[in-house]
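To keep things clear, I will list the structure first and then write my remarks on it.
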Amino acid sequence: MVSASAMRVVQPTILSTFVGNRLLQSAQPLHQLFSYNPGSKHVSMQLSKRFSGLTNLLFNGRNADKVLNTKRKRLRPGKISPHRPVPDHIPKPPYVKSKKPPGIASGPEVHDEKGIECMRASGRLAAQVLEFAGTLVKPGIKTDEIDQAVHQMIIDNGAYPSPLGYGGFPKSVCTSVNECICHGIPDSRALEDGDIINIDVTVYLNGYHGDTSATFFCGDVDDEGRKLVQVTKECLDKAISICAPGAELKKIGKTIQEHADKYRYGVVRQFVGHGVGRVFHADPVVLHFRNNESGRMVVNQTFTIEPMLTLGSFNPVMWDDNWTVVTEDGSLSAQFEHTILITEDGAEILTRC
């Protein structure tokens, strides 16, 4: 069990991409699911007995023979610019005013026809913003400049950038470069030739969140990095393809893990997909690895799938900013994410242009 002070550090960051203090809907409280060493900034996951043997194998033995690219410099924190304002007329999520991370709301996000149309609108805007952000990726651009452009496009469309102010997150988008698994804070670091960068966009439009991300190439990326990104995208596509009413949620993790295993890539376990809609994070918790958790998909339900794969170790280490999470060994990490709607005959991707 971690101390209360350590939990204050971990709670805003151990999420799917942004879940608060109730990461897993489980009989176990959060402090029994995670352990945290403030000195080393390591985060570990304490799973039920049926996961324990699998966890030991996967966390301790996987990809031990991988040789890292030593030419690439490890990430270092840059300078963070001041908070960007949002016009008063734009509706804001409740957590912005409260300044408290709400965690995962109980119950799935299941919508009526009006709600579905609102979800389509927020998903479409998120996809358009992400597509635009991807066009900005080039050597020399600062991640803070990407944040500025994303912020402006979102508010120009009458929406609120969901990450801004969520549990104290200081920016409007997450930019996770190279070994950063998730929650990278845009700063003064300029992208370099050969980098990969995940850009994670969520917008709050007409009372509904649309959440999506993709990993982009900056300049001339080596074959190793390109393959990791390709396979991560394939994992997401394959997982979406098995979604339908009545399908078991655990099949998502099985599908992702099986495909990643073919290439000996690690699958990050501490960060999960989640229900999304009127709230940023809701049930169900969507695990991206093999599991035996219960739960089935229902018609008109919306949730995210957002696998994070690594080239080497997938043990996460948290920076002192209490947000940025990187791979323990500095190996590359890639992620893709969509918000999907369960329909009568399958799944509709809402975050697609």
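At a glance:
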read-out	value
Top-ranked residue in region 235-253 [being surrounded by 18 or more Cβ atoms within 10 Å (Cβ to Cβ) and either of a type in the set (A, V, I, L, M) or part of a helix (DSSP H, G or I) (or both); ranked as nearest to the chain's Cα centre (by Cα)]	236
Selection from region 75-122 of residues that are at pLDDT 95 or above and within 30 Å of residue 311 (Cβ to Cβ)	75, 76, 77, 78, 79, 80
Residues being hydrophobic (A, V, I, L, M, F, W, C), part of a loop (DSSP other than H, G, I, E, B) and touching a helix residue (DSSP H, G or I) at 6+ places or on another chain (Cβ under 7 Å) - total across region 299-322	1
Residues of region 108-132 satisfying the condition of being open to solvent by less than 20 Å² (accessible area, probe 1.4 Å), within 20 Å of residue 245 (Cβ to Cβ), in a helix (DSSP H, G or I) and out of contact with any Leu (no Cβ under 9 Å at 6 or more places or on another chain)	115
Tally, over region 264-314, of residues that are in contact with a Gly (Cβ under 7 Å, 6 or more places away or on another chain), closer than 18 Å to residue 229 by Cα and open to solvent by 10 Å² or more (accessible area, probe 1.4 Å)	1
Number of the exception - residue 188 against (1) open to solvent by 10 Å² or more (accessible area, probe 1.4 Å); (2) touching a Pro at 6+ places or on another chain (Cβ under 8 Å); (3) assigned to a loop (DSSP other than H, G, I, E, B)	(2)
Selection count, region 133-157, where residues are open to solvent by 30 Å² or more (accessible area, probe 1.4 Å), in contact (Cβ under 8 Å) with a residue 40 or more places away in the chain and closer than 22 Å to residue 93 by Cβ	2
Residue in region 248-259 that is touching a residue at least 60 places away in the same chain (Cβ under 8 Å) and either touching a His at 6+ places or on another chain (Cβ under 7 Å) or within 30 Å of residue 157 (Cβ to Cβ) (or both) present	no
Filtered residues of region 323-353 (kept if of a type in the set (Val, Ile, Thr) and either open to solvent by less than 10 Å² (accessible area, probe 1.4 Å) or part of a loop (DSSP other than H, G, I, E, B) (or both))	324, 325, 327, 339, 340, 342, 351
Failed item in (1) of a type in the set (S, T, N, Q); (2) over 16 Å from residue 229 (Cβ atoms); (3) within 12 Å of the chain's Cα centre (by Cα), with residue 335 passing the rest	(2)
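The values are calculated or read from the model by the stated rules, or taken from the named source; none is laboratory data. Please read these numbers as outputs of a predicted model, since none were measured by experiment. Note: ideal-geometry Cβ built from the backbone for every residue, glycine included; neighbour counts use all protein chains shown. Calculation scope for accessible area: heavy atoms of the full protein, side chains included, ligands and nucleic acids excluded. Shrake-Rupley method; radii C 1.70, N 1.55, O 1.52, S 1.80 Å.
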